[in-house]
Amino acid sequence: MGAAGVIVFGATCTPHTSPIAFPYPDRQTWADRVDWTAARAESARTLSEYVQVNTANPPGNEVLGAAYLTDLFTREGIETTSWEFAPGRTNLVARLRADKPSEAPLCLLSHIDVVTAEPERWTHPPFSGLIDEQGMIWGRGTMDMKGIGVIEALSLVWLKRLGVPLRRDVIVLAVGDEEVDNQGAQDLADHHWQEIGCSQLLNEGGLGVKGALFDDLTTFAVSFTEKGALWARMVATGEPGHGSTPLPDSAPARLTQALERLRARDPKVTIHPQLQRFLSAVGDKVGGVTGAVLKSPWATRELAGPKLLANPLSAATVTNTINVTGFGGAEKPNVVPSKVWAQLDIRMLPGVTSKDMLVELNGLVEGIDGISFEVISDSPAVESTTDDALFRALLNHLQVAYPDAAVGPFVMMGSTDSTILRPLGVHAYGFAPFVFTQDELKGFHGDDERISTDNLVQGLKVLFGVVLETSALGGVQAAAATE
Ligand SMILES: [Zn+2]
């Protein structure tokens, strides 16, 4: 349905005093004009088809996924551009323009690539896109993150179909290689960011989970930052020799000693003020003594701290983590090398630098000779402000759609393409308006990845509402109003 089919009510308007007020319908009216029965079937079908385009990375083959999206947008008359950042590896930009933009664009980002799958472990083949009798859509990428890609694309499509007048351009970005080297987002940042120029961006990174903290409670995390990542080697040097004679000053002996210190480390609990906001929201929903504890920063740290540390997932949100992820330097069992190393993946809370972590590491291994640290890569945490209209809209729309859920800001443990884009100044938030059960969550990078049609279409409703609130004018264009 184009703009001509839009019902315009009211007769007069006074553009100089109130250019976007009556007779323009309010933004909720736009959402009501979507044919949700059709949108539901279309969402499921589109995701099923997109999943069937195999973009498992490696090798990625994002050119195929980009072609699928280009067709979808072209059918709707939405302009797209795409380019290869490497052979067969494609980024795509679809743009809906505002007539007279008064704000920088809003970007909706997803990655086209998915992780690989082991078909023999799946109930239905991972690239089947099968929709079962319950409306469950099966396949790699349904959660991470073609499902989001589809609701982003369809939000743009519905803006276009309804002829919603915009106060800013809305741009859908679909990039390659998020799952391996982030080459797509890096290329976008290095060579195309200026022409895109969005001030706010939505991406993966937060979602709704049922029973994450309390059995019946759905928690909705919206991420505004990701922990910094310092990748390093802890190197031990020492006397080389023959394996038959253990020496206390050998490199492996020193490394073992240093690893013991790391294992015995007692990490400090630091609750980010925004994460405390989230815990308070949880406290509100839970009530009772537990609720009261979660609503107090002091009590959360002192009383709930040990509990948060006991669970590896929650521990990672409130501490700087040092994870030993591998070893190197050894050759033959009977040769003691002069140098061995442990590989470390260190994740830092916002405000903590790699320098701080290196000071801590050197302190931990103090007194052990021959230990040093080599930095492989260093990417500090960058925060997007939560004092932002888009961020507020995300929390509000989620709370309206899921009144019983606890909704709040969240520090994401892993990193996404937002890590590359935040330093460019864009306010980027991690937001997947879907709710998954603990069992469904296993599908992330695991087996039997799937999403229900109900979940998908609810997500589209929430996202479309957010896009309308943050990007649409109050209603129908002047041209339409005079028809
Ligand atoms: Zn992802």
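The values are calculated or read from the model by the stated rules, or taken from the named source; none is laboratory data. Quick caveat: nothing in here was measured; it's all calculated off a predicted structure. Heads up, the Cβs are rebuilt from the backbone with ideal geometry, glycines too, and the neighbour counts pull from every protein chain shown. Calculation scope for accessible area: heavy atoms of the full protein, side chains included, ligands and nucleic acids excluded. Shrake-Rupley method; radii C 1.70, N 1.55, O 1.52, S 1.80 Å.
Things worth noting here:
- The stretch 171-182, residues that are within 15 Å of the ligand (Cβ to nearest atom) and either in contact with a helix residue (DSSP H, G or I) (Cβ under 9 Å, 6 or more places away or on another chain) or in a helix (DSSP H, G or I) (or both): Leu173, Ala174, Val175, Gly176, Asp177, Glu178, Asn182
- Boolean, Asp216 is outside the structural domain of Glu103 (by TED's automatic domain parsing) and free of Cβ contacts under 8 Å to residues at least 60 places away in the same chain: yes
- Among (1) open to solvent by less than 10 Å² (accessible area, probe 1.4 Å); (2) under 27 Å from Gln200 (Cα atoms), the one test that Gly443 misses: (2)
- The residues of the stretch 183-193 that are within 16 Å of the ligand (Cβ to nearest atom) and either at pLDDT below 95 or under 12 Å from Cys107 (Cβ atoms) (or both), listed by number, are Ala185, Leu188.
- Residue within the stretch 167-182 that is touching a Leu at 6+ places or on another chain (Cβ under 7 Å), farther than 25 Å from Thr90 by Cα and modelled with pLDDT of 95 or more present: yes
- Filter result for the condition that a residue is over 21 Å from Ala41 (Cα atoms) and open to solvent by less than 50 Å² (accessible area, probe 1.4 Å), over Thr80, Thr142, Thr116: Thr80
- Taking first residues from the stretch 196-209 that are at positive phi and partners that are open to solvent by less than 10 Å² (accessible area, probe 1.4 Å) and assigned to a loop (DSSP other than H, G, I, E, B), the Cβ contacts under 7 Å between residues at least 6 apart in sequence or on separate chains come to Gly205/Thr416.
- Every test in (1) modelled with pLDDT of 95 or more; (2) over 20 Å from the mean Cα position of the chain (by Cα) is passed by Met145 save one, and that test is (2).
- Failed item, numbered, when Val375 is tested on (1) within 24 Å of Leu294 (Cβ to Cβ); (2) touching a residue at least 24 places away in the same chain (Cβ under 8 Å): (1)
- Matching residues in the stretch 183-208 - criterion: being part of a strand (DSSP E or B), small (Gly, Ala, Ser) and closer than 12 Å to Leu421 by Cβ: Gly205
- Scanning the stretch 194-221 for residues that are among the aliphatic types (A, V, I, L, M) and either within 16 Å of the ligand (Cβ to nearest atom) or under 18 Å from the mean Cα position of the chain (by Cα) (or both) gives Leu201, Leu202, Leu207, Val209, Ala212, Ala221.
- Condition check for Leu162: away from the ligand (no atom under 16 Å from the Cβ), open to solvent by less than 10 Å² (accessible area, probe 1.4 Å), out of contact with any Leu (no Cβ under 8 Å at 6 or more places or on another chain) and not aromatic (Phe, Trp, Tyr): yes
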